[in-house]
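Asks: Attaching a single structure in structure tokens format; questions to follow.
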Amino acid sequence: MVDNSSSIGIYSAPEAAQMIGMGAQTLRRWLIGYEFEIEGVKHSQPPLWSPQHAVSDGELLLGFRDLVEARVVSALRRKGIALQTIRVCLDRARNIVGDQRPLSTRSFKTDGRSIFLEITEGVDEPQLIDLKKRQGVFHRVVEPSLSGLEFGADAAERWWLLSGKRTIVADPAFAFGAPSVAGHGMTTSRIAQAVRAEGSPTKVARLYEINPNAVRDAIKFESNRGLRRAA
């Protein structure tokens, strides 16, 4: 079902995966589901959750909250937590929080430690089998995956993309959520193109009336993004 909000953000699987730092095909499997075969018997796995934009002809588009949820799940997978364990924890979290995307809610941000300990209680996973390990996973893995997020009354509303700075943001209310200059709305990709065309960040800052530091941060972000694409 499509979210009727006019500002939920739109990201292709490759765009979202690049921002998170994961593979696009893996992200597709998470949100579309997949089939596999064991000893000649076919099995299927449903999506971890239904994306905010309806899947049409196999085309996956994510909303901003999908992006946030996938960021947390990706962090858990990098820790080695099994996808089936994550699936169980997501189901539990939905019941506790009362939201289909619990990891991107204000409740999870403000009370994440206690919610995480509750949803992982009794889970048969080596990294989560006792209280001390579960606390460690939360502080080392889950908590950092929420960094840079700004929350509204109910859920995450924007993601500040450069650590410690408020210049480059993914905000679904502007440019469909594409990385852009805060308070201006010009995307970082467009700024990078303009700098290549004009030959000078200072000239672009003056031309588009953007703080020069924000232009430099946009170029830095795009440069880092290019390195992630090439990796």
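Asks: Quantify how much of the Cα-Cα distance distribution of the stretch 119-231 extends past 17 Å, in percent. Write down the numbers at each step before the final one.
Replies: Working: 3989 of 6328 pairs.
Result: 63 percent of Cα pairs exceed 17 Å.
Asks: While we're here: How much length would be gained if the chain were fully extended between residue 106 and residue 57, taking 0.36 nm per residue of separation minus their Cα-Cα distance, in nm to one decimal?
Replies: Difference between extended and current length: 14.3 nm.
Asks: Given the options 172, 139, 193, identify the residue whose Cα lies farthest towards the positive end of the charge dipole of the stretch 117-195 (+1 on Cβ of Lys, Arg; -1 on Cβ of Asp, Glu).
Replies: Comparing the listed Cα positions along the dipole, 193 ranks first.
Asks: Still on this structure: Below 8 Å, C-alpha to C-alpha, sequence gap of six or more: please give me the relative contact order for the stretch 93-231 in percent.
Replies: Values: 155 pairs, mean separation 17.9, N = 139.
Relative CO of the stretch 93-231 lands at 13 percent.
Asks: Can you tell me the mean projection area, over all orientations, of the convex hull of the stretch 48-180's alpha carbons? Units nm², please. Show your work: numbers first, answer last.
Replies: Working: hull surface 34.3 nm².
Averaged projected hull area, Cα only: 8.6 nm².
Asks: Decide, for the chain, between rounded, prolate and oblate: order the square roots of the alpha carbon gyration tensor eigenvalues as a ≥ b ≥ c, take rounded if a/c falls under 1.5, and otherwise choose prolate if a/b is larger than b/c, else oblate.
Replies: On the way: a/c = 2.02, a/b = 1.67, b/c = 1.21.
Since a/c reaches 1.5 and a/b is larger than b/c, the shape of the chain is classed as prolate.
Asks: Given 133/220; 42/132; 132/220; 79/165, which pairs have Cα atoms separated by over 32 Å?
Replies: Result: 133/220; 42/132; 132/220 exceed 32 Å.
Asks: Could you state the principal axis extents of the C-alpha atoms in the stretch 1-124, from the largest down, to the nearest angstrom?
Replies: Reported extents, whole Å, longest axis first: 45, 39, 26.
Asks: If you count only protein heavy atoms with a 1.4 Å probe, what accessible area per residue comes out for the chain, rounded to a whole Å²? Could the numbers behind the result be given before it?
Replies: Working: 12040 Å² over 231 residues.
Accessible surface, normalised per residue, equals 52 Å².
Asks: In whole Å, how far is the Cα centre of the stretch 166-215 from that of the stretch 121-159?
Replies: Result: 32 Å between the Cα centres.
Asks: Between residue 121 and residue 189, what's the calculated FRET efficiency when r is the beta-carbon distance and R0 is 35 Å? Round to 0.05.
Replies: Computed FRET efficiency for residue 121 and residue 189: 0.20.
Asks: Compute the FRET efficiency between residue 41 and residue 84 as 1/(1 + (r/R0)^6), taking r as their Cβ-Cβ distance and R0 = 30 Å, and round to the nearest 0.05.
Replies: After rounding to 0.05, the efficiency reads 0.95.
The values are calculated or read from the model by the stated rules, or taken from the named source; none is laboratory data. Note that the structure is predicted; figures quoted are calculated from it, not measured. Please note: Cβ atoms are built from the backbone with ideal geometry, for glycine as well, and neighbour counts cover all protein chains shown. Heavy atoms of the whole protein, side chains included, go into the accessibility calculation; ligands, DNA and RNA do not. Shrake-Rupley method; radii C 1.70, N 1.55, O 1.52, S 1.80 Å.
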